[in-house]
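See below for the structure under consideration.
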Amino acid sequence: MKNLLSAALFAALAISLGACMGDEPLNQECDITEARLEMDNPLDIFEQAHEAVWKELEYDSTVCFLARPDAQPREIALHLTLTPGATAYIDGQDTPFQNGTKVDFTDEKKHSFKVVSEDRQWTRRYTLYIGHKIPYEGHFTETFSNYAAEATGHYYVWKAEGAAAGWFTDGEWKNGNPGFRLSRSSAKPDEYPDTPVKGGGPDGSDCIKLETCDTGPFGQMVNMKLASGSLFNGVFDVSNALRDALKATQFASPFKYRPISVSAWLRYEPGLTFENREGQPQPGIVDEPDFYAVVYRNTTPQGQPVVIDGNDVLNSPAIVAIARLPHLYNPDGTDRLTGQPIHGVSGKWQKFTLTLDYREPLDPEVLRKNGYSLVISFASSWQGAYFKGAIGSKLWVDNVELTSSEK
């Protein structure tokens, strides 16, 4: 019976991860895994050369390259990498798309592609275009009022507001809701780790609630028994969420200003029982929230992209500045679990301001070319990335403000 249950759960996971329309069999995919613009000099259009390459991370059906605000793309040769055996067609054409074909990208013109699986039974449609980065002033205020149910209606998503919409990756705040769906697909939208609270903010406006939740039987089986509520800018690679949750959380968006501080209104209620990854209660330990900001150099001197994820977001050698809520640490620098936390967040709304501590000055030329990235991150359990915390811990967040300077 146990084996039958495991097989059923893995079958359900395979279906939920399917990228094509219909109940696709295994190994019958029809995806674009990489799109590359073939150019003699990508810097004619992009801030960084690697921005001329798009790689699928979230089963997106939109392939968008983001050019400089002043760039004027024309016809550019396109190269698509597909899943094995798949064939791509530009809508309206009967002959397969040939790599190296020049595509007209003038005025953000959008092109529709159809990808057909090797057995010709499954199809997936994509929209592909070159957009432009939106100029921004280096400041933003986020009220979390711009939210809606995602396309399937299973959970909520939040669009970034104001200036943040111009530099956040695809203009959205990211969280672990898509990964939670893999473990508890029957959950209702209000039972997910990240949910809106209408009128619940300190000023009576809407806010967002992050909650540490039980992941159910499937989470038990894969030793991921809880999911912390999380909120950050960057990318969440849902296809990797169960294999390597830390690597699936890829932080930050390129930033052209020098961040000075990030503030947010917070209130917090810890869950009753702190548990380790095995689900065993840890007496005397109180769960804690997390809130931090990190600036790191996103490109090596050789021009190779650098992306930090859950493994090194707080200790990568690429980090140049950091700020975080206070926590207690052991003498060797590792996190200390305690019954007397010092973060200061209580059940009443308070404003917290984090001032970035710079380890080295920013290089003006690197900054001009979007060579640094900034991440802003929140969590309802500060050890949630390691599946430790207290189910029922809740962190409410509202009115996030970023202050930056041009130098």
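The values are calculated or read from the model by the stated rules, or taken from the named source; none is laboratory data. As the structure is a computational prediction, the values presented were derived from the model and not from experiment. Quick reminder, even Gly has a Cβ in these numbers, built from the backbone with ideal geometry, and neighbours come from all protein chains shown.
At least 2 residues being closer than 26 Å to E191 by Cβ is the threshold, and among the strands (runs of 3 or more DSSP E) wholly inside the stretch 124-175 those reaching it are 147-149, 156-159. Among the residues of the stretch 34-76, those identified as part of a loop (DSSP other than H, G, I, E, B) and polar (S, T, N, Q) are N41, Q48, S61, Q72.
Tell me yes or no: at least one residue of the stretch 324-336 is surrounded by fewer than 17 Cβ atoms within 10 Å (Cβ to Cβ), hydrophobic (A, V, I, L, M, F, W, C) and at pLDDT 90 or above. Within the stretch 324-336, one or more residues are surrounded by fewer than 17 Cβ atoms within 10 Å (Cβ to Cβ), hydrophobic (A, V, I, L, M, F, W, C) and at pLDDT 90 or above.
Among the residues of the stretch 159-166, are any within 30 Å of S393 (Cα to Cα) and buried (at least 19 other Cβ atoms within 10 Å of the Cβ)? Taking every residue of the stretch 159-166 in turn, at least one turns out to be within 30 Å of S393 (Cα to Cα) and buried (at least 19 other Cβ atoms within 10 Å of the Cβ). Of the strands (runs of 3 or more DSSP E) lying entirely inside the stretch 196-300, those carrying at least 2 residues that are modelled with pLDDT of 95 or more and small (G, A, S) are 258-269.
Residue-wise test of (1) at pLDDT below 90; (2) not hydroxyl-bearing (S, T, Y).
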| site | (1), (2) |
| --- | --- |
| T152 | yes, no |
| Y156 | no, no |
| A163 | yes, yes |
| P178 | yes, yes |
| P189 | no, yes |
| P193 | no, yes |
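Regarding the stretch 275-285, can at least one residue be identified that is within 22 Å of the chain's Cα centre (by Cα), assigned by TED's automatic domain parsing to the domain that holds K209 and touching a residue at least 24 places away in the same chain (Cβ under 8 Å)? The answer is no, given that none of the residues of the stretch 275-285 is within 22 Å of the chain's Cα centre (by Cα), assigned by TED's automatic domain parsing to the domain that holds K209 and touching a residue at least 24 places away in the same chain (Cβ under 8 Å). Considering each residue of the stretch 180-196 in turn, at least one proves to be under 28 Å from Q340 (Cα atoms), surrounded by 22 or more Cβ atoms within 10 Å (Cβ to Cβ) and either aliphatic (A, V, I, L, M) or in the same structural domain as I319 (by TED's automatic domain parsing) (or both).
Against the conditions (1) among the charged types (D, E, K, R); (2) without any contact (Cβ under 8 Å) to a residue 24 or more places away in the chain; (3) in contact with a Phe, Trp or Tyr (Cβ under 8 Å, 6 or more places away or on another chain), D312 satisfies every one except (3). Would it be correct to say that G303 is in contact (Cβ under 8 Å) with a residue 60 or more places away in the chain, assigned to a loop (DSSP other than H, G, I, E, B) and in contact with a helix residue (DSSP H, G or I) (Cβ under 7 Å, 6 or more places away or on another chain)? It is true that G303 is in contact (Cβ under 8 Å) with a residue 60 or more places away in the chain, assigned to a loop (DSSP other than H, G, I, E, B) and in contact with a helix residue (DSSP H, G or I) (Cβ under 7 Å, 6 or more places away or on another chain).
Residues of the stretch 77-117 being part of a strand (DSSP E or B) and free of Cβ contacts under 8 Å to residues at least 40 places away in the same chain, which ones? Matches in the stretch 77-117: T87, Y89, I90, K102, V103, D104, H111, S112, K114.
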